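Novice: I have a structure here, written as C-alpha cells, and I will follow up with some questions on it.
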Amino acid sequence: MKVRSIDDLESLKGKYYPLIKQRLGYRNGLGLTQIMVCSGTACTSSESDALYQELERELARCNLNHNVRVNRTGCFGFCQHGPIMMVHPGEIFYCRVKPEDVKEFVQTHLVDGQLLDRLFYRDATGKRVSSIKDIHFFKAQKRIVLQNCGVINPEEIGEYIARDGYFSLADIILNKQPGDIIDIISKSGLRGRGGAGFPTGKKWEMTAAQDVNPKYVVCNADEGDPGAFMDRSILEGDPHSVLEAMSIAGYCIGAGQGYIYIRAEYPIAVERLEMAINQAREIGILGPGLFGSSFDFDIELRFGAGAFVCGEETALLHSVMGQRGEPRPRPPYPAQEGLWGKPTLISNVETYANIPALLRSGWEWYQGHGTATSKGTKVFSLAGKINNTGLIEVPMGTSLRTIIFDIGGGIAVDRQFKAVQTGGPSGGCIPAKFLDLPVDYETLKETGSIMGSGGIIVMSEDNCMVDLARFYLEFTQDESCGRCTPCRVGTKRMLEILKRIIEGQGEMEDLEILEELAFDVRDASLCGLGQTAPNPVISTLRYFKEEYIAHIRDKICPAGVCKELLTYQVDEEKCIACGLCAKACAVGAISGAPKQPYQIDPQKCVKCASCVAKCPKKAILKGAGREVAGQ
Amino acid sequence: MKSELEKGPSDIEKSYVYKEQGQQLGNVIADEKEKHFQALDHIIERYSQEPGQLIRILLKAQDIFGYLPEEVQAYIALKTGVPVSEVNGVVTFYSLFATEPRGKNIFKVCMGTACYVKGAQEIMSTLKEHLKIDEGGITSDRLFTLETTRCVGACGLAPVLLANERVYGEAKAAEVPKIIQNYRKGEKIESKKH
C-alpha cells in the first residue's frame, strides 16, 4: 500500500497503536503480553540475540506464543546492566538476563504470574526495583531524541508511524511552505549536535538560498570520537526519525537526494537503516512523488572506512564521493559548494533526530528546554570510571555533577573523582571544581573543553593526566590526514615531547615548548581536527600542571600509570618468601632466601609486572608505595 | 615471517594455499580464485554505475579476498575506470583496508578512551605475549592477526575485545588464553547475526 495522505497514515497508526499504547503504560484491551528485548550493540554483545531466540523457543514450547509477543527494541541506555528485557503490562524491567534464565522467567512470570525479582535492578541502597518508573537513572532524564528507543521495534515502520512518525513530513509536503518550516527551526534555537553548535535553522536558510540544482542533504553518522555512541544508538533504536528529518530538510532546501555517511564498523545500525529505507520506499515515503506530490526524495547509504578526519564536513564530502577523505579550506562552505560542487546541507544524526519531535510539538515547546543559548536536550554517553555506564538524555544546562553523580551513580566507592573528559580527542579535561557548571556549548568552551558529540568519560585518581593527553594526541596524530603541515608535523612533535615526559626524560622547558606548539597547531591548522587536537594538552596543562611537573622534576607518576617512572618494591611485612615472584621474573631481578623477604633489583627490573600477577599475598607494590590498582 | 609457502604464486594464491592446505592444491586454487573474481564482478556491476561507490566496492572486495592486494586493486581500477593511483590512494587512506594478507581470525582490541582507561592496554599485551606477534602482525600459521580498532561504541562494556565479529565485553586479561585456545581449536562460537 502506498501512503498518499494523512488519513492513510492514520489508518496505519490505528493498526499499530494498541501495541504501543500498552508499552507506554496504558491498558490496550488486547490481552497480550509484550516482551521488549534490547538489541542495541552493547546488549547484543552480551548475547541479547540468543536471549531473544531462546524466548521464542520457550514460548512456542509452552504454547504461549499467541498471547505473548517478543519484540526487539532500541537501546534503553542502561548498557552496564544488559541484556535488558522489559515486560508489558507493568513495565517490569529485568537486567542482565541470560538465555539460561528464560525457562525460569517463562514459568514464574508468564505462567505463575509472579515477578522474578532475582533479575531486578538493584538500586544504590541494595533494594530491588521492579518497574522502570522507579529507577532513578530513567526518572532523572528528559527523553526527546530517545523517546522511541526502548519503546518501538525499529525494524517496523508501522510502529514509528504509531508514535506519530511521518505525520510532520506529510503535513509539510502537503500543506506547508519551506520558508515557514525553516523559520520554525530557526526560532526553536536548535544548534548542531555534532560539536560546533552552529544554528541549524541558519544552515537550512543558507542552503535553501542557493539558486543551483541539484542540492543534497547529508547526514553525518561517522561517529568517530572514542567513547561516544549516541548516534549509533539513535540509528539502531529509531532510524526513521533521521529519515523523516532528512526528507523534511530535502523539501525545505529543495534537494532530491540524501546520503547517510555511516561507519562500516556499525553493522547493526547499517542493517537497521537499510531496512528502514526499504520499508519507507515500499509505502512511498521515500522515492519518487512522496505522498503523491511532485516532490521526489531518496536516501542512500555511504560507508566510512575508518578515518576520524571524515567527521569534518569537507573531508566527509570527499569520502561520500568515494575519494580520500581530506579536508579543504572553507569558504566555500558546503552550503554553497558541497557534493559534486553543489549546495549541500550536512548535519549530524542527533541534530536530525531532534527535528520530528520539534515540529510535532512546536518551537515554543522546544524552547522551553535548555539554557539561554543552548536549547533542547542533549544525549550523552557515559563511560569510564562511572557506575552506570550507558546513554542518557538531559536538558541542556544540567550540571556535570547531576549527570555523573546523580544519574550516572557516581564512581566506585574506593576511588576518587579526578576529572571528566568531554568532546573526545577535540575536547578537554574538566577538573572537579567545575562540576557544578551548567553544561551547554558556551560554558564547556569556557572551561577549555567542548560539547563535542556528547561523550563523557570519567576519570579517577588512578588515571594519569599526562598519559591521557598522550593517548589523545597519539590518536589525533595517527588520524591526521597529512594535508596541512601544522597538524601533520606539529602533533608529531607534541607527541614526542609528551612521550619524553612520560618516560622520565622531560625537561622543565619542554612544558613551555609544548604549550607554544599547542597554540600554533590550534591556530594554523586547516580543519577542525588539527585546530582542536591540542585541546587535551592545553586543558591538562591548565588544570593538572603539577602532574606534568611531578613527571619532569620528581620523575614520578602520581597515578602510578607511566611504566618507566614506576618502581617495584616488596612489602617486607606481607612477603611470605614463597619465591613465586623470583620464578616469574624473566630478567632475574628478584632474589631472596628462605624465610627472608625477597628483594627486587631496580637496575635489572624491566617493570613488566609479572611478579605482581603471581604474588599470592599482594606483597609487591608499585610507584610510591601504592598498592597496585585493581589487583 | 614469510613462510615456505612463498614459491612464486601471487599473493592471493598464497592465501589460498594456506586455506586449502592438505587438499589437491592446483585446481582448488584456480577454482577459488575464479569464484572470488566472479563475485567481485557482480559487486562492480552492481555499484559502479552509481557515483562515489568506490569505497563500498573496496569494502566488499575486502570481504571476498580478505585483503586488497595490488592485483585486486588493479582489477577494480580496470573495471570501474577509476585510475589505479586513485584506487590505491583510497585504499591506503582508510584504516579499514588491509594490503597485506590477514590471519583467519582477526583479534581487535578497542583502543577507544573508555576501553583505554579501563585497561585495554593489558588485554593487548597479553594477546601479544600469547600469540607471539606484535600489533598488526600475523602468526606464522596464519591463524591470527592482531590489530587495534577505533572505538566500536560498546563503551558501556569496556574494555572490549573483538574476535572476528564477536564482541567480548568487560574482557579480562586472564580470559585471553582461553579465548585464543577456543579459536585455535576451531571451536569458534558462531559470530552472531542480528
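The values are calculated or read from the model by the stated rules, or taken from the named source; none is laboratory data. Keep in mind that what you see is a predicted model, and the values were worked out from it rather than measured. Glycine also receives a Cβ, built like all others from the backbone with ideal geometry; neighbour counts cover every protein chain displayed.
Novice: Just to be sure I understand the filter: pairs with C-beta atoms under 8 Å, separated by 6 or more residues or on different chains, first member in region B:55-68 and within 10 Å of chain A (Cβ to nearest Cβ), second member outside any helix (DSSP H, G or I) and among the basic types (Lys, Arg). Which pairs pass?
Specialist: Note: pairs meeting the criteria are B:Ile55/A:Arg302; B:Arg56/A:Arg302.
Novice: What is the residue count in region A:17-69 for residues that are away from chain B (no Cβ under 14 Å) and among the aromatic types (Phe, Trp, Tyr)?
Specialist: We begin by selecting, within region A:17-69, every residue away from chain B (no Cβ under 14 Å); these are A:17-36, A:55-69.
Narrowing further to those that are among the aromatic types (Phe, Trp, Tyr): A:17, A:26.
Counting residues in region A:17-69 that are away from chain B (no Cβ under 14 Å) and among the aromatic types (Phe, Trp, Tyr) gives 2.
Novice: Same structure again: Could you say whether any residue in region A:266-273 is of a type in the set (Phe, Trp, Tyr) and surrounded by fewer than 24 Cβ atoms within 10 Å (Cβ to Cβ)?
Specialist: No, region A:266-273 has no match at all.
Novice: Still on this model: So which of A:Met451, A:Met465 ends up being hydrophobic (A, V, I, L, M, F, W, C), surrounded by 24 or more Cβ atoms within 10 Å (Cβ to Cβ) and away from chain B (no Cβ under 13 Å)?
Specialist: The unique qualifying residue is A:Met451.
Novice: Among residues belonging to region A:389-438 that are within 13 Å of chain B (Cβ to nearest Cβ), of a type in the set (A, V, I, L, M) and under 16 Å from B:Gly156 (Cβ atoms), point out the one that is surrounded by the most Cβ atoms within 10 Å (Cβ to Cβ).
Specialist: That would be A:Leu391.
Novice: Residues that are more than 10 Å from chain A (Cβ to nearest Cβ), free of Cβ contacts under 8 Å to residues at least 12 places away in the same chain and surrounded by 15 or more Cβ atoms within 10 Å (Cβ to Cβ): does region B:77-90 have at least one?
Specialist: Yes: region B:77-90 contains one or more residues that are more than 10 Å from chain A (Cβ to nearest Cβ), free of Cβ contacts under 8 Å to residues at least 12 places away in the same chain and surrounded by 15 or more Cβ atoms within 10 Å (Cβ to Cβ).
Novice: Sticking with this structure for a sec: May I ask you to say which residue of A:Gly113, A:Gly150 is part of a loop (DSSP other than H, G, I, E, B), within 17 Å of A:Leu51 (Cα to Cα) and out of contact with any Leu (no Cβ under 9 Å at 6 or more places or on another chain)? Can you show your working first?
Specialist: Working: A:Gly113 fails: within 17 Å of A:Leu51 (Cα to Cα).
Of the residues listed, the single one that is part of a loop (DSSP other than H, G, I, E, B), within 17 Å of A:Leu51 (Cα to Cα) and out of contact with any Leu (no Cβ under 9 Å at 6 or more places or on another chain) is A:Gly150.
Novice: Next question. Please determine, by comparing only the residues of region B:164-179 that are within 15 Å of the chain's Cα centre (by Cα) and either at pLDDT 90 or above or within 11 Å of chain A (Cβ to nearest Cβ) (or both), which one is nearest to A:Ala264 (Cα to Cα).
Specialist: The extreme case among them is B:Glu165.
Novice: From the list B:Ile64, B:Ile76, which one is closer than 26 Å to A:Tyr259 by Cα, among the β-branched types (Val, Ile, Thr), part of a helix (DSSP H, G or I) and modelled with pLDDT of 95 or more? I'd like the intermediate steps shown before the answer.
Specialist: Numbers: B:Ile64 fails: modelled with pLDDT of 95 or more.
One residue alone meets the criteria, B:Ile76.
Novice: Among the candidates A:Cys487, A:Cys527, which residue alone is at pLDDT 95 or above, surrounded by 16 or more Cβ atoms within 10 Å (Cβ to Cβ) and away from chain B (no Cβ under 14 Å)?
Specialist: Selected residue: A:Cys487, the only one of A:Cys487, A:Cys527 that is at pLDDT 95 or above, surrounded by 16 or more Cβ atoms within 10 Å (Cβ to Cβ) and away from chain B (no Cβ under 14 Å).
Novice: Anything in region A:342-369 that is assigned to a helix (DSSP H, G or I), within 21 Å of the chain's Cα centre (by Cα) and of a type in the set (A, V, I, L, M)? List them, or say none.
Specialist: Residues satisfying the conditions are A:Val349, A:Ala353, A:Ile355, A:Ala357.
Novice: With the requirement that a residue be under 18 Å from A:Val561 (Cβ atoms), part of a loop (DSSP other than H, G, I, E, B) and modelled with pLDDT of 80 or more, what does region A:579-629 give you?
Specialist: Hits for region A:579-629 are A:Cys605, A:Val606, A:Lys607.
Novice: Please go through region B:147-163 and give me each residue that is aliphatic (A, V, I, L, M) and either facing another protein chain (nearest Cβ under 8 Å) or crowded, with 24+ Cβ neighbours inside 10 Å (or both), ordered by number.
Specialist: As a first pass, look at region B:147-163 and keep what is aliphatic (A, V, I, L, M): B:152, B:154, B:157-158, B:160-163.
Result: B:Val152, B:Ala154, B:Leu157, B:Ala158, B:Val160, B:Leu161.
Novice: When you scan region A:238-253, do you find a residue that is outside any helix (DSSP H, G or I) and surrounded by fewer than 24 Cβ atoms within 10 Å (Cβ to Cβ), even just one?
Specialist: To start, the set of residues in region A:238-253 that are outside any helix (DSSP H, G or I) comprises A:238.
Pick out the ones that are also surrounded by fewer than 24 Cβ atoms within 10 Å (Cβ to Cβ) and you get none.
For region A:238-253, residues outside any helix (DSSP H, G or I) and surrounded by fewer than 24 Cβ atoms within 10 Å (Cβ to Cβ): absent.
Novice: Assess whether B:Ile106 counts as being within 11 Å of the chain's Cα centre (by Cα) and more than 22 Å from A:Ser460 (Cβ to Cβ).
Specialist: yes
Novice: When only residues in region A:189-203 that are modelled with pLDDT of 95 or more and crowded, with 24+ Cβ neighbours inside 10 Å count, which is nearest to A:Tyr216 (Cα to Cα)?
Specialist: A:Lys203
Novice: Let me ask something else about it. Taking region A:212-237 only, how many residues are touching a Lys or Arg at 6+ places or on another chain (Cβ under 6 Å) and in a helix (DSSP H, G or I)?
Specialist: Going through region A:212-237 one residue at a time, the tally reaches 1.
Novice: Another question, then. In region B:95-136, how many residues are among the basic types (Lys, Arg) and either at the interface with chain A (Cβ under 9 Å from one of its Cβ atoms) or touching a residue at least 24 places away in the same chain (Cβ under 8 Å) (or both)?
Specialist: Summing the residues that are among the basic types (Lys, Arg) and either at the interface with chain A (Cβ under 9 Å from one of its Cβ atoms) or touching a residue at least 24 places away in the same chain (Cβ under 8 Å) (or both) in region B:95-136 gives 4.
Novice: Continuing with this model, one more query. Taking into account only those residues within region A:281-339 that are small (Gly, Ala, Ser) and surrounded by fewer than 19 Cβ atoms within 10 Å (Cβ to Cβ), which is nearest to the other protein chains (Cβ to nearest Cβ)?
Specialist: A:Gly287
Novice: Answer yes or no as to whether A:Ile386 is surrounded by 17 or more Cβ atoms within 10 Å (Cβ to Cβ), of a type in the set (A, V, I, L, M) and either more than 12 Å from chain B (Cβ to nearest Cβ) or part of a strand (DSSP E or B) (or both).
Specialist: Answer is no for this residue.
Novice: Could you grab me the full set of residues in region A:23-54 that are over 29 Å from the mean Cα position of the chain (by Cα), under 27 Å from A:Asp134 (Cβ atoms) and either surrounded by 13 or more Cβ atoms within 10 Å (Cβ to Cβ) or free of Cβ contacts under 8 Å to residues at least 40 places away in the same chain (or both)?
Specialist: Result: A:Tyr26, A:Asn28, A:Gly29, A:Leu30, A:Gly31, A:Leu32, A:Thr33.
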